[in-house]
Every structure is written in structure tokens, then in C-alpha cells.
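*Asks:* Encoded as C-alpha cells, here's the structure I'll be asking about.
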Amino acid sequence: MNAFQSSQHFRPYLAVGERVLWSGQPKQGLTLSGRDALLVPFSLVWGGFAIFWNAMVWLTPFHASASGGSGWFMRLWGLPFLAIGLYMIAGRFFHDALLRRKLFYAVTDRRIIVLRGRKVSSREIARLPRLELSEHRDGTGTLDFEASPNLRGGGKNFSGWLPALGTSAQFFRIRDPQKVYQLIRDQNHS
């Protein structure tokens, strides 16, 4: 999708006289982020144990009358842990890629805008608490607009396991990050 097509998504959300200076989307497809250095090993341990547990419980014969029905309880007990383990190992990467397909960013002459499906969030450029650029080896970059409490979106909940897009205070893995960074800085000083 070219810049003109993606800027059309923002037209209904612009104030009178406001104009889009840049628009784009995050990198598409499967991606890894810095937080995966910890999450991947943990997910493999969790998922490996859950697979082992479920294999042992489901493959071990039991007699319902001898165990008092606890055999079925143990079989069912492990299934949620298996589902969580499979999501952590692989599902979260596909979930993240699906979310990024519906995510659009814009810089106007007044603010930054993040459009996620039908949810719009924006911040005035003059009031951004922070503007930080992190460049990645693949030529993309992430612009952060406010401090994150821990590993890029971890917070006090489990959002560290969710896709990296959990915050509207960043442009995640965009093309030409230095150009967008400078554009925002220029708007902040004008």
C-alpha cells in the first residue's frame, strides 16, 4: 500500500486545516523483537512441559473406577496449559502479524495518529513526553513516544506476551524511521 492510500484512512479523523505529512504501516509478516530474547526460551520451557504433561497423562492408561474419576480431571487439567504454551511458542507471532495488517500510522502538522481497525488514538506533537528512535538491522525502526515500564509493553499485566503493538505510543517497525523522526522533531520546533 502506498503512502497516499494509507493517508486516505485518516481523512475522517483530521481537524479542519490539518494535513497528513506522512503515513505508513508497521513491517508486515512475522517479526521478532528484543523481548523475544527472554520470551522464546521461557515459552519453549513452558510449552515443552505442557506437551510432556499432556502426553504422559493422555497416553497412560487409567481405570476410572480405580482412580475415582481423577484420571479425567488430570487429562482436562493440562489442556489449558497446553493451549497457553502453544500460543506462547507460535500463536503469538501469527496474532501479531494479523494485528499489524490493520494498523496505520500518520504524522500530521499537529499530531501523531495511530489507527487500529476502527480505534483511533492521537497525541499532539507539542505534548509528546518523549521521542526516541530505535533502529533495527533490517532497516526499519520503532519510534517510542512515552516511557514503557519494562520490556516494550509489559506493564503490570501479561501484555508482554501479547503482540508488540500493545501501545498506541509508538510507531512499530516503520520504513524510513530517521525521516519520520526528523519530521516529528521539525513539527515540534515550528
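The numbers here are math on the coordinates, done by the rules we state, and not lab data. Quick caveat, the model's predicted, so the values are computed rather than measured. Cβ: placed from backbone, ideal geometry, glycine included. Neighbour counts: every protein chain shown.
*Asks:* Is region 36-96 best put as rounded, prolate or oblate by its Cα gyration tensor, with a ≥ b ≥ c the root eigenvalues, rounded for a/c under 1.5, and otherwise prolate when a/b is larger than b/c, oblate when not?
*Replies:* Prolate, since a/c reaches 1.5 and a/b exceeds b/c.
*Asks:* What nm value, rounded to one decimal, do you get for the distance between residue 102 and residue 56 when each label is placed 7 Å out toward the C-beta?
*Replies:* Placing both labels 7 Å along Cα→Cβ, they lie 4.0 nm apart.
*Asks:* Follow-up question, since we're still on this one. Can you pull the one-decimal nm distance between simple spin-label points at residue 16 and residue 86, each 7 Å off the Cα toward Cβ?
*Replies:* 5.5 nm
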